[in-house]
Amino acid sequence: MDVLQLQRKLREHQAAMIREGFLDDQFSQLQKLQDESSPDFVIEVVKMFFDDSENLLNNMTRALGQVPVDFKQVDAHVHQYKGSSASVGAARVKNVCATFRNFCEAQNLEGCVRCLQQLQHEYSLLKNNLQYLFRLQEEIQAAGGSIPTIE
Amino acid sequence: MKVKSGCVRRVFYSWIVFCTVGGLYGFWHMSLNACEQRKESLISMCDERARMLQDQFNVSMNHIQAMSILIKTFHHNMNPSSIDQSTFARYTERTAFERPLTSGVAYAVRVLHSERGQFERQQGWTIKNMNTLHPSPAQQEYAPVIFAQDTISHVISLDVLSGKEDRENVLRARESAKGVLTAPFRLLKTNRLGVILTFAVYKRILPSNATPYQRIQATDGYLGGVFDVESLVEKLLQQLASEQAVIVNVYDTTNNTHPIVMYGSNVSGDSFSYVSTLNFGDPLRKHEMHCRFKQKQPWPWLAFNTCVGGFVICVLLGYIFYATWNRVVKAEEDRDEMTELKKRAEAADIAKSQFLATVSHEIRTPMNGVLGMLHMLMDTDLDVTQQEYVRTAQGSGKALVSLINEVLDQAKIEAGKLELEASLFDLRALLDDVSSLFSEKSQAKGIELAVYVSDEVPEVLIGDPGRFRQIITNLMGNSIKFTEKGHIYVTIHVVEEVVHSIEIDKELGLEDSNNVSVSGFPVADSRRSWEGFKAFSQVGPLGSFSSDADLINLIVSVEDTGEGIPLEAQSRIFTPFMQVGPSVSRRHGGTGIGLSISKCLVGLMNGEIGFVSLPKIGSTFTFTALFTNACNNHHQSNPPSSEFQGMTALLIDPRPARAKVCRYHMQRLGIRIQVVSDLSQGLSTITEGNQIINIVLIEQQVWDRDSCMSSGFVDSTSRVHDGVAPKLFILVNSNACLGETSGTSNPRVIIKPLRASMLAASLQRAMGVSCRNGEVPASLSLGHLLGGKKILIVDDNGVNRTVAAGALKKYGADVVCVSSGKEAISKLKPPHDFDACFMDIQMPEMDGFEATKKIREMERCGRSKRDGFVDNLSKWDVPILAMTADVIQATHEECVRRGMDGYVSKPFEAEQLYREVSRFFHS
């Protein structure tokens, strides 16, 4: 494919992700942090975030499956997850986490379970989108183009 | 208090008793005095009478004694006697005035029985018995009367010795050779009480020590005088005044047990009587005079009235004291009650504020949930109607949260819990932010929004930017709500500057000069809004402020051309929850709490707030606030970007007030500016002036007015200066106004409000100034601050750690990461290698607060050990900043309390990061 076309696709995709609220300004900030000294900074961080997410989601599922449910434990996981998601700029995940924490505080099991499902849903959406984004970037780099910055 | 009151009542009653007793005593004392006086007067009167009686009696007695000598001389010593009855009678008659008390005088001779016959023959009558009036039976001796005054001539020839009283008298008289008195008896004929005084007449002069017998033998005869005591005393008393007041009784008390009344009646009189002894010269007889007042002692009215009066006065005085005391006690009780009520009211007020604070805080938490859920709901598949519903719900929720925040602020202020931050901030940037916030609304309404900050205001101030922003936002929000046309104009000056300008105006007489406002509409005179400010009244004639140079007193005014505040509502404009009227809140919303909060915040900034408002013309709110100057040379203002440095702009604007705003913003970019009032002038400046004009700014008003000229203007400007044509910009208030400005070569448009950054962006776009690095100035400064600093990051979350490290590395810091509190402690053993530490608060095992506590303890130990030589303090006190994702209200205070130095939110915001870090790294 044409590099220019790829670049346009990338721009559009990222803009769409921001528009739809998957990502926020923090993600652009992250991209700004990436420079010659750390060329794979964003990908590294996001990979770390993926690992973290899967761990935490598993932990949450396990914690919510226990009888009786230790809401404090769940809350700790959600807190962690909220921090991570905020750091990478995963806005929608972060928002769900905020709601999740409220349910934890209220010890509302039903709400928690629903939030967990939503988290999983949001996470998989985000992961797919981001992976697509990175794939585009890789393709551009492979084609010898530079990754456009987004204002 | 009750005890006291009872006590006072008892004192009052005992006072009454005391008064009564005192009154009675006084009365008793005074009446006794009166009685004594009466007695004394009686005594003196009585004595006086007795003395007079005695004197007169003595006079009479003396005369009778003299008569006895007369008789001895002329009757006995002469032979024949030269006195006969008729001589005696005449003589006594004529000398009766000498003896006022005697009613008659008689002389009897001593005749022995042996001489009786011869005597009877000689006299020619026989001696008669006194009682029987018959010739006297034979006796040893006789004492027949031979001479008698005519008044008692009937006693001649009567034997005096035959009468019982007379006999005794005669015998005693000749024995004692003195005048002798009989007991009082009824006189013959007159039947009145009388006494007889008898003197003996002797043949020869006897020695004073003669025996009674010698005297008897020497006796020749007896002279007797009859005293009519009754008439005598009466006469005497008549001579004296106040005879009626006193009853006088005279008694013969020779026989003590049976005193004989000589004078007086038994008229009852006063019980008190006085006795004076009378001495009539007869030692055997005793006489007394008894005096009494006729009337009983009258009731002592004077004493009574005096005492009653005194009593009444004392009781009244006592009552006055009693009543006063009661009043005082009552007032004190009332005051105590009031104090108690006040305390309760204050407690209730505090409780209310606390309740509000708690409830608001508690509402916020679930509201976050609601808003989050709504946000999520919006991301799901919804049709248009549903989306509309959700958007409305979200809008309402946001409004509710902001309302709750306001209430929370109010409650915090009332509870006195609101504290101001002290951090560095750029006032101009802050105002740019605020005007961007309102730009949408002002553009939609077509209002001109202008901000002007005086050059005297320092670049960087220390204060609470959030709260300052809150005040300005509030005032501007109100203005924009109520303004439909015209302008909103925010100005910030240093107070001194304003004061000087007032003085200059006064000197020049410009006070009333009608300066045209920014939009040309009339405005309320802002000066009247700070008439009452203390900051101005403190200023001396030279405008010298005594405060030290580091303190900057800013005066901020927000002027609008809105509908104004109705006069009747102006007085309660700063009262919480007060709005102008119910219709206003329906139309514009809001709680009416904003101005009250603003007032409190201004108060916290040591400032004052005031306003002036004219209905239908507009309002001007003015407040002052005290900040600290952060940079010493505040006149040297650094333009934020230097790419426009040295350029010159031409502003075509006929209105000086508006031009001033524009000039201010352009100067911030380092652009010099010239102002002309219309297009033709502008054109001549561009073409003929010897200066290169890079930019031309034209007010929309000018552009529209001279539209016929505008295209020509564009053409001619594009040709000057060898093709380096100045760029044209039109300044407009809103997009909508720009419809008709047609033309092939339309210049670019800048929509107000003017802000430095926005201006810079517009100019960059138009002029193609290369924008190499879009970094905000703050990040430059951050790099400056953080460059080469060694910073430790503590976070259990790998992603967070990496991102934070990345961000700080970007600013040039040397970053080390650890993942737990324990590791942090091992890294942060004093003396420190690190310049700062960013620590996550919520971590498993050991959270941020605990780790900080441990580190602070180690620092303390280390410091005390090395007390002697503290080489570098910073090695012993590392700044620890909390990193936290949720920014709850109390976090800053909480962090400081736990030994941290501040907090930064995750993910890092450049501005906040700068603010916090700048406090430690003073470069």
Single unsatisfied condition, B:Phe119 versus (1) in contact with a helix residue (DSSP H, G or I) (Cβ under 8 Å, 6 or more places away or on another chain); (2) farther than 21 Å from B:Glu165 by Cβ | (1)
Condition test on B:Ile488, is it under 25 Å from B:Phe574 (Cβ atoms) and outside any helix (DSSP H, G or I)?
-> yes
Qualifying positions in the stretch B:801-842 - under 22 Å from A:His79 (Cα atoms), under 60 Å from the mean Cα position of the chain (by Cα) and assigned to a loop (DSSP other than H, G, I, E, B) = B:Ile841, B:Gln842
Conditions (1) more than 17 Å from the chain's Cα centre (by Cα); (2) among the polar types (S, T, N, Q); (3) more than 9 Å from chain B (Cβ to nearest Cβ); number of the one not met by A:Gln34 | (3)
Report yes if A:Gln118 is without any contact (Cβ under 8 Å) to a residue 60 or more places away in the chain, part of a helix (DSSP H, G or I) and either crowded, with 23+ Cβ neighbours inside 10 Å or more than 10 Å from chain B (Cβ to nearest Cβ) (or both), otherwise no.
-> no
Report yes if B:Gln295 is under 30 Å from B:Asn256 (Cα atoms), modelled with pLDDT under 90 and not in a strand (DSSP E or B), otherwise no.
-> yes
Give me the pairs: first residue in the stretch B:72-83 and in a loop (DSSP other than H, G, I, E, B), second residue of a type outside the set (D, E, K, R) and loosely packed, with under 13 Cβ neighbours inside 10 Å, beta-carbon distance under 8 Å, and six or more apart or on different chains, which are they?
-> none
When the stretch B:147-203 is examined, which residues are found to be basic (Lys, Arg) and closer than 18 Å to B:Gln217 by Cα?
-> B:Arg167, B:Arg172, B:Arg174, B:Lys178, B:Lys203
Just a yes or no: is a residue in the stretch B:96-118 touching a residue at least 24 places away in the same chain (Cβ under 8 Å) and out of contact with any strand residue (DSSP E or B) (no Cβ under 9 Å at 6 or more places or on another chain)?
-> yes
Set B:Ser402, B:Ser396, B:Ser435, B:Ser439: member being of a type in the set (Ser, Thr, Tyr), away from every other protein chain (no Cβ under 14 Å) and within 46 Å of the chain's Cα centre (by Cα) | B:Ser402
Is it true that some residue in the stretch A:100-107 is buried (at least 21 other Cβ atoms within 10 Å of the Cβ), in contact (Cβ under 8 Å) with a residue 60 or more places away in the chain and in contact with a helix residue (DSSP H, G or I) (Cβ under 7 Å, 6 or more places away or on another chain)?
-> no
Answer yes or no as to whether B:Gln139 is farther than 22 Å from B:Ile260 by Cα and in contact (Cβ under 8 Å) with a residue 12 or more places away in the chain.
-> yes
For A:Ala76, state whether it is on the phi < 0 side of the Ramachandran plot, at the interface with another protein chain (Cβ under 10 Å from one of its Cβ atoms), touching a Pro at 6+ places or on another chain (Cβ under 6 Å) and not basic (Lys, Arg).
-> no
Looking at (1) within 15 Å of B:Thr884 (Cα to Cα); (2) more than 10 Å from chain A (Cβ to nearest Cβ); (3) buried (at least 20 other Cβ atoms within 10 Å of the Cβ), find the lone condition where B:Asp847 falls short.
-> (3)
A:Ala86 being closer than 19 Å to B:Leu371 by Cβ, among the small types (Gly, Ala, Ser) and touching a residue at least 12 places away in the same chain (Cβ under 8 Å) = yes
Does B:Ala50 satisfy being among the small types (Gly, Ala, Ser), in contact with a strand residue (DSSP E or B) (Cβ under 6 Å, 6 or more places away or on another chain) and in a helix (DSSP H, G or I)?
-> yes
Could you tell me which of the residues A:Val69, A:Val46 is within 12 Å of chain B (Cβ to nearest Cβ) and of a type in the set (A, V, I, L, M)?
-> A:Val46
Give the residue, chosen from B:Val370, B:Val329, that is more than 30 Å from B:Val195 (Cα to Cα) and within 14 Å of chain A (Cβ to nearest Cβ).
-> B:Val370
Considering residues that are crowded, with 22+ Cβ neighbours inside 10 Å and either away from chain A (no Cβ under 13 Å) or under 19 Å from B:Glu850 (Cα atoms) (or both), the number found within the stretch B:802-824 is 2
Looking only at the stretch A:59-68, decide whether some residue is farther than 28 Å from B:Ser819 by Cα and part of a helix (DSSP H, G or I).
-> yes
Being within 14 Å of chain B (Cβ to nearest Cβ), surrounded by fewer than 17 Cβ atoms within 10 Å (Cβ to Cβ) and either within 17 Å of B:Val799 (Cα to Cα) or at pLDDT below 80 (or both) is the filter here, so list the residues in the stretch A:1-30 that pass it.
-> A:Asp25, A:Ser28
State all residues of the stretch A:49-63 that are more than 10 Å from chain B (Cβ to nearest Cβ) and surrounded by 20 or more Cβ atoms within 10 Å (Cβ to Cβ); if no residue qualifies, say none.
-> A:Met60, A:Ala63
Do we have B:Lys352 as among the basic types (Lys, Arg) and surrounded by 13 or more Cβ atoms within 10 Å (Cβ to Cβ) here?
-> yes
Tally, over the stretch A:1-56, of residues that are outside any helix (DSSP H, G or I) and under 19 Å from A:Ser146 (Cβ atoms) | 9
Subset of the stretch B:297-320 [over 10 Å from B:Phe27 (Cα atoms) and surrounded by 12 or more Cβ atoms within 10 Å (Cβ to Cβ)] | B:Gln297, B:Gly310, B:Phe311, B:Val312, B:Cys314, B:Val315, B:Leu317, B:Gly318, B:Tyr319
Expected single match for assigned to a strand (DSSP E or B) and at pLDDT 75 or above among B:Leu759, B:Leu731, B:Leu754, B:Leu763 is B:Leu731
Output the number of residues of the stretch A:69-108 satisfying the condition of being part of a loop (DSSP other than H, G, I, E, B), over 18 Å from A:Met48 (Cα atoms) and within 14 Å of the chain's Cα centre (by Cα).
-> 0
Would you be able to tell me the number of residues in the stretch B:693-714 that are surrounded by fewer than 17 Cβ atoms within 10 Å (Cβ to Cβ) and of a type in the set (S, T, N, Q)?
-> 2
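The values are calculated or read from the model by the stated rules, or taken from the named source; none is laboratory data. Given the structure is predicted, the values throughout are model-derived calculations rather than measurements. Every residue, glycine among them, receives a Cβ derived from its backbone with ideal geometry; neighbour counts consider all protein chains shown.
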